[in-house]
Amino acid sequence: MKVAAPAKVELRIPRRAEFVGLARMAARWRAAQLDFTYDVVKDIELAVAEACNNAVEHVKQASCEDIVLCLGVEDRRLVIDVCDHGQGFDLSRIDSPDAQEGDAGGLGIPIMRSVMDEVDFRYDPIMGTCVRMVKCR
């Protein structure tokens, strides 16, 4: 008997490099439910890893201990939120027409944008930084 997965699953992992693989596995599991091809699943895993690695590498506060992943399915779209309670960054640097590839500190953001259909960043002083990535089926 096959049991349907919930529309949204939340996973909280320690903000440490050794747990990024767990985030990748969760993304792989969720993507498999939408029957993405192997190559697309690998792209989704890569985007999730880049988002998590950014939180691991760039968050300065020791009080930011966790990364929260929300993996949802909405109308044949995989929606992934990767959030941390870090200090955020200047979003205008990545969305500026004058921004060069890698301006925000590395290639993680350009990689995410190249493999996902939508990538949006939000920062709130209370909620922290959140990247939302969408892959359509």
Test ALA51 against the criterion of being of a type in the set (Gly, Ala, Ser), at pLDDT 85 or above and surrounded by 14 or more Cβ atoms within 10 Å (Cβ to Cβ), and give yes or no.
-> yes
Neighbours by Cβ (under 6 Å, 6+ apart or cross-chain): first from region 122-137, hydroxyl-bearing (Ser, Thr, Tyr); second in a loop (DSSP other than H, G, I, E, B) | TYR123/GLY88; THR129/GLY86; THR129/GLY88
Take region 32-45 and flag every residue that is in contact with a helix residue (DSSP H, G or I) (Cβ under 6 Å, 6 or more places away or on another chain) and not acidic (Asp, Glu).
-> VAL41, ILE44
May I ask you to list pairs of residues, at least six apart or on different chains, whose Cβ atoms are under 7 Å apart, with the first in region 75-96 being under 24 Å from ASP43 (Cβ atoms) and the second being modelled with pLDDT under 65?
-> PHE89/ALA104; ILE94/ASP103; ILE94/ALA104
Look through ASP66, ASP43 and report the one residue that is touching a strand residue (DSSP E or B) at 6+ places or on another chain (Cβ under 9 Å), at pLDDT 95 or above and among the charged types (D, E, K, R).
-> ASP43
Residue pairs meeting the criteria (Cβ under 6 Å; at least 6 apart or on separate chains; first farther than 16 Å from VAL40 by Cα and modelled with pLDDT under 95, in region 106-121; second outside any helix (DSSP H, G or I) and of a type in the set (Val, Ile, Thr)) = PHE121/VAL131
Region 39-53: number of residues that are free of Cβ contacts under 8 Å to residues at least 60 places away in the same chain and either among the basic types (Lys, Arg) or over 23 Å from ASP75 (Cβ atoms) (or both) | 4
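The values are calculated or read from the model by the stated rules, or taken from the named source; none is laboratory data. Source: prediction; values computed, not measured. Counting neighbours? That spans all protein chains shown, and the Cβs are built from the backbone with ideal geometry, glycine included.
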